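Shown next, in structure tokens, is the structure this report addresses.
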Amino acid sequence: MIKKRNLVFLGAPGAGKGTLAQELCKEKKLAHISTGDILRSEIKKGSELGKKANSYVTSGGLVPDDLVADMVAKRLLDNDCQNGFVLDGFPRTVNQADLLEKALTKIGRKLDGVVYFEAAEDLLIKRLTARLVCKQCNTIYNTIFSAPAKKGICDKCGIELYQRPDDSLETAKDRLLIYNEQTAPLVPYYKNKKMLATINAALSKDKSYPELIKVLS
């Protein structure tokens, strides 16, 4: 049984926090929350928050942090969140973290902890650029975790594999640069609040998941 159930997962792209979030939420029956999913849902429902957000989306602008925080707080009132939740990808900035804390206070909830997935940048780049896709059947391979039997060729249909533009080295470096500028300051932010637990994200999934359970127990 884990003691910490209202969580934020923090880490750079490629750290594997999404994979472990899915595993944890499935086993412990927590809600896995993505702000992108919330945004799309509120817009589709045509809620008041959704209408406000849509006005920014349709004009090509960014949805303001306070509006995103309000949508997250509303989502946390749903029944599936009562047993606990994992916020994956939010907050992304210190300002968003401040707004999240205020929004949680309004609905009578609070975070139990923040898990930081720590990994060296060279490993992150390696992971982010390792994905290959079949041109015909769209099967996804990863040269580190699930490489094809024959290099560059799909196991299923024998067609050449390719790398999507968003999996390129340049894109990976850009994503990490944005993370380091905007999101990395959350590590000392939550450390100062004595809420941060760190796990070694360089480990394989079968070794990092028990480490995650340990810091939440």
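Rule-based calculations on the coordinates, nothing more; no lab input. Treat the numbers as computed from the prediction; the structure is a model and nothing was measured. Here Cβ is always computed from backbone atoms with ideal geometry, including for glycine, and neighbour counts include all displayed protein chains.
For the condition surrounded by 18 or more Cβ atoms within 10 Å (Cβ to Cβ) and touching a strand residue (DSSP E or B) at 6+ places or on another chain (Cβ under 6 Å), what is the one hit in 70, 65, 88?
Answer to the selection: 88.
Taking the options 185, 210, name whichever one is surrounded by fewer than 17 Cβ atoms within 10 Å (Cβ to Cβ), within 18 Å of the chain's Cα centre (by Cα) and not small (Gly, Ala, Ser).
Sole residue among the options that is surrounded by fewer than 17 Cβ atoms within 10 Å (Cβ to Cβ), within 18 Å of the chain's Cα centre (by Cα) and not small (Gly, Ala, Ser): 185.
Can you work out which of the residues in region 6-35 that are β-branched (Val, Ile, Thr) and not in a strand (DSSP E or B) is surrounded by the most Cβ atoms within 10 Å (Cβ to Cβ)?
Ranking the qualifying residues of region 6-35, first place goes to 35.
Among the residues of region 62-114, write down those that are closer than 22 Å to residue 184 by Cα and of a type in the set (Val, Ile, Thr).
63, 68, 72, 86, 93, 94, 114
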